[in-house]
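Chemist: Got a structure here, written out as structure tokens. Questions coming.
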Amino acid sequence: MSYQSAIVFGFNEYAKQIALQIAPEYPSFAIFVMNESERILAKSAGFEAALFDLGEDWKIIEERFDPKNLIVFCALDKDAENVFLTISLRSIFGDLPIIALAGDHESAAKMKSAGANKVMATQQITANIITEMLEKPTVTGVLHDILYEESFLKIAQLVVPEDCFLVGKHLHDIDWGEEFDLLVLAIVDHQLSATFSFTSKGHHHHIDPEDVLVVVGYEDSIAALSQAMGIIK
Amino acid sequence: MIGRWIVGIAFFLHDSLRYRRVKKFFHNLLENPAYPYKKFFDYTMMVLIVISVYILVHHVKYEVKPDWLFFNNYVISVIFMIEYLLRLWVYSDNSKVIIEQYEHDLFLQRPFKILVAFRQIIITKSKFVFSLSAIIDLLAIMPFFHEMRLLRVFILFRVFKLFRYAKSLQQFVSILASKKFEFLTLGVFASVIITVSSVLIYVMEANNPESPINTLFEAVYWSVVTIFTVGYGDFVPVTSEGRTVAMVIIVAGIAVIAFTTSIVVSAFTEKLDEIKEDKLIDDVSKFDQFYLICGYGPLAAQVARRFLKNGKQVIIIESNHQKVAEAQKEGFLALAYNPASLHSYHTIRINFETQVIAAILLEESDVLNVYTALTIREISKKVKILSILLHHENRRKLTLAGIDEVVYTQELVGLMSKEVSGRPVAFEVIHALRSENNGVFIEEIVLDTLMAQHFFETTKHSMFHKRLIVLGVYKQLSQSFFFNPSNTLVIEEGDVVIVVGTRSLIDEFKIQMRRKKRS
């Protein structure tokens, strides 16, 4: 799903990097900070920021944005403040996608409980990347290119349409590499749950409409499959 | 003339690489605990000592074969004598002393005083000869003169030689030595009590015909046996006066025992941390390869845990003792040393070239990480260094300090945020693969010749086809990645294959690639 608006709460090194990456992706983008010094910092980085406090009733959001087309990033300095922000946003906006930053596992669990849709535990991310860089340098490089760099190789999630030729087939019925020059890493079964299962584990998977295929391949190959599936007419 | 000749020899030995190498080898073998072959030498010597003592004990009541006696009296003694002479040789550098004296005299424009140099040599060597361990070594050689039968008991001195080779015994002695003053006080106290009580008991008992204590020696014997609370009962006072003395000495004995026990216990308690640290350093020097983490905190704990989970060894160095204690409580091998100090690495005896897979700098400060990186680079130019970056503007400084890989989490989180908001499922999939918590792994396999030869054949095997995802092949030489490789791609030794699958499937894939050749 693509959203029209995004809000970043806080302005520290994390928030700054998030803002730099996502601001160009959204037609409407805003930063909310808790104090004047953060506002000045944001301004020096080229962003206009509005002030807020944790006791807000969030009418400002309803006035400026369409909550159905909004995604928020909670990146305040302290985990406790982030939890409070998450829970207060969730109390007003039941369906708002909230992505929150947490320092460690413990805070991450609290953010989840507070209603965050996705929690990025910074320590865990750093630890994972450090071990991966040293133990699997090639994997790190390749994944980094696929995910973040402007390479021809892409990762994409394709939603299976109603009248798609794949409906009714099993994942293993198709030689994805041979036929489409791409690989299916995982599938989200719409009927079973919202979580994904890896292709390496669930090969007897029955493809249904609205299942999501996570594929890796060249842009052209992904476009060709999308066309064959009826996503791109 | 003789002086010039001796100086010539001294210069020749000083400049001779071969001589230096041989001397260094023996020095390492005899004196350097970090030298890998020393332990083999020590074990050999310990076995010889045990054999020697066994023969001595056996020979008391039984006949010993002449070959064994010969081995004991000559072979072992000769080995010990050679060892003694080698220790004497490596103890100091005679040629250096002669050259220094010669250059000193030359500088002052006066004739070379050879006797002064010899005097200096004798003084230095005497320090070795009169050291306790050297005296024990010398006495242990004595049984060589086997005709002097009395000297056979000197074999027992060989047992004392064990102190040289067993580190635990050396530690025991050094712990007790640290309480020298207390032991001396105790000794004086016990001696005074024994002397006074011996004289008293002798005076009270010696003239009594019923008393078994008749001589001063018996009185001293009784005092010693009583004060150390042994009390055999073979000599007992019979007079009331004697028994009064006994009561006093029994009370004093309890004090002596209590005092001794408390000294030993306190010596061990005080040295416990030191002993533990020595043990830890010893363990570290025995590791083949490990990751070195500099700086401990919650992030370091997570990184260490992940490496340990993957079966890798991890050593943590942290200057804060409290943090080290926390790390040890978590079960990590942590040492309380400053990671930014050269002295730390010399003390820990870490070999960066052979032991350290990579140094990971996780201090909560770019300044400290740069400082640590420069320290490590001073020791090793080759070792891989990875560091976290806390402030973006310091990236270049970290690179200039010789850090190979920089992890800037903030930037990574920014990139991930873009991904998670745009392609949440794809992000989750990659994140799950990286976290290795779902039973599915992304792995890289470096191909050897065998594997390269049978790579495609194996991927087509029914066990792997459509089950193991071969993401691509990375060619290290051309630094290019070939996604979903087809049969036309030439696979070579050193290529890296990236696969996605369950652990068992990936392991089986590796085995099958090699198995093809054998069939």
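The values are calculated or read from the model by the stated rules, or taken from the named source; none is laboratory data. Values in this document were obtained by computation on a predicted structure and should not be read as measured data. Cβ sites come from the backbone with ideal geometry, for glycine too, and all protein chains shown count toward neighbours. Surface accessibility is based on the protein's heavy atoms, side chains included, excluding ligands, DNA and RNA. Shrake-Rupley method; radii C 1.70, N 1.55, O 1.52, S 1.80 Å.
Chemist: Please list 3J(HN,Hα) in residue order for the stretch B:46-57, calculated via the Karplus relation 6.51 cos²θ - 1.76 cosθ + 1.60 where θ = phi - 60°; whole Hz, with x for glycine and proline.
Modeler: My calculation for the stretch B:46-57 gives 5, 5, 4, 5, 4, 4, 4, 5, 4, 4, 4, 5 Hz in order.
Chemist: In deg cm²/dmol and to the nearest 500, what is the mean residue ellipticity at 222 nm of the protein assembly as shown if only DSSP H runs of at least 4 residues count, each as -39500 (n - 2.57), divided by the residue total?
Modeler: Dividing the helical sum by the residues of the protein assembly as shown leaves -17500 deg cm²/dmol.
Chemist: Over the whole of A:138-149, what's the average partner chain Cβ count within 10 Å per residue? Rounded to a whole number, please. Intermediate values should be presented prior to the final figure.
Modeler: On the way: counts 13, 12, 4, 6, 9, 6, 2, 1, 6, 8, 7, 1.
Per residue, the number of nearby Cβ atoms from other chains is 6 on average.
Chemist: While we're on this one: Under 15 Å Cα to Cα from B:Lys418, which aspartates and glutamates show up? Leave out anything in the same chain fewer than 8 places away.
Modeler: A:Glu25, A:Asp145, A:Glu149, A:Glu150, B:Glu428
Chemist: If you don't mind, there's one more thing I want to ask. Compute the helix-to-body angle for B:216-227: its Cα long axis versus the longest principal axis of chain B, expressed 0 to 90° and rounded to tens.
Modeler: Between helix and principal axis, roughly 30 degrees.
Chemist: A further question on this structure: Relative to the present Cα-Cα distance, how much length would full extension add between B:Ser341 and B:Trp68 at 0.36 nm per residue of separation? Please list the in-between numbers first.
Modeler: Details: separation 273, 0.36 × 273 = 98.28 nm, distance 5.41 nm.
So the chain would gain 92.9 nm between B:Ser341 and B:Trp68.
Chemist: Accessible area per residue of the stretch B:180-273 at 1.4 Å probe, in Å²?
Modeler: Result: 60 Å² of accessible area for each residue.
Chemist: Treat every Asp and Glu Cβ in the protein assembly as shown as -1 and every Lys and Arg Cβ as +1, leave all other atoms uncharged, and give the resulting dipole magnitude about the Cα centre to the nearest 20 debye.
Modeler: About 3900 debye.
Chemist: Related question: Roughly how many Å is it from the Cα centre of the stretch B:266-289 to that of the stretch A:133-161, as a whole number?
Modeler: Cα centroid to Cα centroid, the span is 46 Å.
Chemist: A further question follows. Once B and A are treated as a pair rather than alone, how much accessible area drops out, both sides summed, in Å² to 100, probe 1.4 Å?
Modeler: 6500
Chemist: Per-residue Cβ counts within 10 Å, from other chains only, averaged over A:177-186: what number is that?
Modeler: 5
Chemist: Can you list residues whose amide H is under 5 Å from A:Ala102's amide H, if they're 5+ apart or on another chain and H is modeled 1.01 Å from N?
Modeler: A:Met120, A:Ala121, A:Thr122
Chemist: Could you name every residue in the stretch A:151-170 that has 30 Å² or more less accessible surface in the full protein assembly than in its own chain alone (probe 1.4 Å, ligands and nucleic acids excluded)?
Modeler: Buried by 30 Å² or more upon assembly, which counts only protein chains, are A:Leu153, A:Ile155, A:Gln157.
Chemist: I need the calculated FRET efficiency for the pair B:Ser462 and B:Glu492, taking r as the beta carbon distance and R₀ as 41 Å, to the nearest 0.05.
Modeler: Approximately 0.95, to the nearest 0.05.
Chemist: Could you give the angle, 0 to 90 degrees to the nearest 10, between helix B:298-309's Cα long axis and the longest principal axis of the Cα atoms of chain B?
Modeler: With both axes taken from Cα atoms, the answer is about 90 degrees.
Chemist: Also, quick follow-up: Can you run phi through the Karplus equation (6.51, -1.76, 1.60; θ = phi - 60°) for the stretch B:279-286 and list ³J(HN,Hα) in whole Hz, with x for Gly and Pro?
Modeler: Rounded to whole hertz, the list is 5, 4, 5, 4, 4, 4, 5, 8.
Chemist: Here's something else I'd like to know. Roughly to the nearest percent, how much of the accessible area of the protein assembly as shown is carbon and sulfur, given a 1.4 Å probe? Before the final figure, lay out each step's value.
Modeler: Numbers: 23610 of 39000 Å².
The nonpolar share, carbon plus sulfur, comes to 61 percent.
Chemist: Could you work out the relative contact order of chain B? I mean the mean sequence separation of Cα pairs under 8 Å and 6+ apart, divided by the number of residues, in percent.
Modeler: Working: 613 pairs, mean separation 36.4, N = 519.
7 percent.
Chemist: Taking θ as phi - 60°, what are the ³J(HN,Hα) couplings along the stretch B:424-430 by the Karplus curve (6.51, -1.76, 1.60), each to the nearest whole Hz, with x for Gly and Pro?
Modeler: Taking θ as phi minus 60°, the curve returns x, 5, 4, 4, 4, 4, 5 Hz for the stretch B:424-430.
Chemist: Roughly how tilted is helix B:409-422, in degrees to the nearest 10 and between 0 and 90, from the longest Cα axis of chain B?
Modeler: Between the helix axis and the principal axis of chain B, the angle is about 40 degrees.
Chemist: On to the next question. Within the set of other residues whose C-beta is less than 11 Å from the C-beta of A:Thr122, count the net charge using Lys and Arg as +1 and Asp and Glu as -1.
Modeler: Summing Lys and Arg as +1 and Asp and Glu as -1 gives -3.
Chemist: Which of the lysines could a cross-linker bridge to B:Lys180, judged by Cα under 19 Å and excluding same-chain residues fewer than eight apart?
Modeler: The qualifying lysines are B:Lys271.
Chemist: Another question, then. Under a plain spin-label model, where a point goes 7 Å from the Cα along Cα-to-Cβ, how far apart in nm are B:Asn437 and B:Val57?
Modeler: My value for the distance between the label points is 5.9 nm.
Chemist: Here is a further query. May I ask you to list the residues of the stretch B:379-405 whose amide nitrogen lies under 19 Å from a point 7 Å from Cα along the Cα→beta-carbon direction of B:Glu353?
Modeler: From the stretch B:379-405, the list is B:379-385.
Chemist: Before I look further, what does the stretch A:153-229 give for accessible area per residue, probe 1.4 Å, in whole square angstrom?
Modeler: About 44 Å² of surface per residue is accessible.
Chemist: Scan around A:Val33 for amide H atoms under 5 Å from its own, H built in the peptide plane at 1.01 Å from N, and keep only partners 5 or more places away or cross-chain.
Modeler: Close amide H contacts, sequence-distant or interchain: A:Gly10, A:Ala50, A:Leu51, A:Phe52.
Chemist: For the pair B:Phe482/A:Lys59, report the inter-label distance in nm, with labels modelled 7 Å from Cα in the Cβ direction.
Modeler: If labels sit at B:Phe482 and A:Lys59, their model points lie 6.6 nm apart.
Chemist: Shifting gears a bit: Magnitude of the Cβ-charge dipole of chain B, K/R +1 and D/E -1, about the Cα centre, nearest 20 debye?
Modeler: On the way: 58 positive and 50 negative charges, 325 e Å.
Around 1560 debye, computed over chain B.
Chemist: What average number of partner chain Cβ atoms lie no more than 10 Å from the Cβ of the residues making up B:290-303?
Modeler: Partner Cβ neighbours, averaged per residue: 3.
Chemist: Using 27 Å as the Cα-Cα cut-off, could you pick out the over-long pairs in B:Lys309/B:Lys475; B:Lys329/B:Lys382; A:Lys110/B:Lys397; B:Lys312/B:Lys381; B:Lys382/B:Lys475?
Modeler: B:Lys309/B:Lys475; B:Lys329/B:Lys382; A:Lys110/B:Lys397
Chemist: Check B:Leu333: other-chain or 5+ apart residues with amide H under 5 Å from its amide H, H built from backbone geometry?
Modeler: The answer is B:Ile316.
Chemist: Measure off 7 Å from each Cα along the Cα-to-Cβ vector at A:Asp145 and B:Ile82, then give the distance between these two points in nanometres to one decimal.
Modeler: 6.1
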